[in-house]
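Worksheet: one structure, shown below.
The values are calculated or read from the model by the stated rules, or taken from the named source; none is laboratory data. These figures come from a predicted structure and were not determined experimentally. All Cβ positions, even for glycine, are placed from backbone atoms using ideal geometry, and neighbour counts span all protein chains on display. The protein model used for the area step is the full one, side chains on, heavy atoms only, and it has no ligands, DNA or RNA in it. Shrake-Rupley method; radii C 1.70, N 1.55, O 1.52, S 1.80 Å.
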Amino acid sequence: MKNKKENEKKIYIIFITVMVVLYGAGYFLGRLVAKGEKSGSLDTILTFLKNNLIEIVPPLFILLAVVSVIILMVFYVSCQKKYKKLQDNREDDDLWDALEEKLNQPMILANAMQIVNLFFFGCIICIAEFHSYGKNGGYEAIVLAVDVILVFLTLVLNLVVSRGIVEIEKSLNPEKRGNVFDFRFNEVWLESCDEAQKLITYKAGYAAFKNTNITCMVLWILAFIGMFIFKSGIYPLLSVCLIWLVNSLSYMVRAARLEKG
């Protein structure tokens with residue numbers, strides 16, 4: 001009983017300490033922003049950042065896209081080589097396990113690339129539409145055209161690589177079903193998994209749920225601060241809270257339904 005009270009006391013102390021630190025940080029940052037607005041230095045800094053980002057983002061995406069495509073292809077080709085080698089000796093358990101583990105690399109990178117590409121696509125369209133990037137032709141127009149082409153090429157490449165990896169996995173495990181171009185792929189794939197694989201999926205899903213909640217909390221703080229610094233309005237707050245709400249309610253409602261059997 002004594003240990004339980006001490007643990008609860010420790011929890012409350014940590015919670016209060018974190019809240020005080022966050023409040024103090026917010027108050028300090030608010031005072032700093034207010035001081036910067038009065039002196040005019042904040043507008044100067046924001047203008048400098050905006051102008052530089054407009055110039056940096058389009059060519060930066062080309063560099064990131066090319067590097068990520070090269071790495072993705074290296075991973076994919078390595079998987080294909082291991083798979084062909086395994087066909088000559090399907091009794092090699094070490095090679096089998098190594099290939100199963102290797103297949104995760106291109107899938108993780110392909111999914112990350114897809115999200116990053118969508119982000120940069122939005123940035124590029126924003127820069128072109130609202131800041132007239134590339135409207136006068138020349139170097140900027142070429143960079144903009146290459147950016148748009150790379151967005152769609154990398155999207156197609158991600159789908160092709162994902163399909164190739166899934167087909168290898170289905171060849172290794174004939175009971176697996178699903179097509180990456182099917183909108184019900186995740187559902188069909190999960191149904192074809194055994195209990196151990198489903199347990200891994202459930203644990204990973206719960207970890208994603210917790211991490212998303214933490215991320216949304218941090219993003220809400222940043223969006224709230226950005227509302228004063230960048231005059232961004234309530235849209236960023238709305239977007240973060242909507243994702244946060246869907247993540248939390250979908251988990252809790254689903255859990256409540258499962259409890260009913």
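Could you tell me which numbered condition L222 fails, if it satisfies all but one of (1) farther than 25 Å from F75 by Cβ; (2) of a type in the set (A, V, I, L, M, F, W, C); (3) touching a residue at least 24 places away in the same chain (Cβ under 8 Å)?
All conditions pass for L222, except number (3).
When you check A98 against the structure, is it in a helix (DSSP H, G or I), over 16 Å from S162 (Cβ atoms) and open to solvent by less than 50 Å² (accessible area, probe 1.4 Å), yes or no?
Yes.
Which of the residues that make up the stretch 83-127 are of a type in the set (F, W, Y) and under 27 Å from L153 (Cβ atoms)?
Y83, F119, F120, F121
Can G233 be described as farther than 30 Å from C79 by Cα and among the small types (G, A, S)?
yes
So is V143 farther than 30 Å from L172 by Cβ, touching a Cys at 6+ places or on another chain (Cβ under 6 Å), surrounded by 14 or more Cβ atoms within 10 Å (Cβ to Cβ) and not charged (D, E, K, R) or not?
Against the criterion (farther than 30 Å from L172 by Cβ, touching a Cys at 6+ places or on another chain (Cβ under 6 Å), surrounded by 14 or more Cβ atoms within 10 Å (Cβ to Cβ) and not charged (D, E, K, R)), V143 does not qualify.
F75 - would you say it is at pLDDT 70 or above, assigned to a helix (DSSP H, G or I) and aromatic (F, W, Y)?
When the stated conditions are applied, F75 passes them.
Here is a list: I124, I115. Which entry is free of Cβ contacts under 8 Å to residues at least 40 places away in the same chain and closer than 15 Å to A65 by Cα?
I115
If I54 satisfies all but one of (1) under 14 Å from D147 (Cα atoms); (2) modelled with pLDDT of 85 or more, what's the number of the condition it fails?
Against the list (1) under 14 Å from D147 (Cα atoms); (2) modelled with pLDDT of 85 or more, I54 comes up short only on (2).
When you scan the stretch 227-240, do you find a residue that is more than 23 Å from the chain's Cα centre (by Cα) and either of a type in the set (F, W, Y) or under 29 Å from V160 (Cβ atoms) (or both), even just one?
Within the stretch 227-240, one or more residues are more than 23 Å from the chain's Cα centre (by Cα) and either of a type in the set (F, W, Y) or under 29 Å from V160 (Cβ atoms) (or both).
So G134 ticks every box in (1) surrounded by 19 or more Cβ atoms within 10 Å (Cβ to Cβ); (2) assigned to a helix (DSSP H, G or I) but one. Which box is left unticked?
Condition not satisfied by G134: (2).
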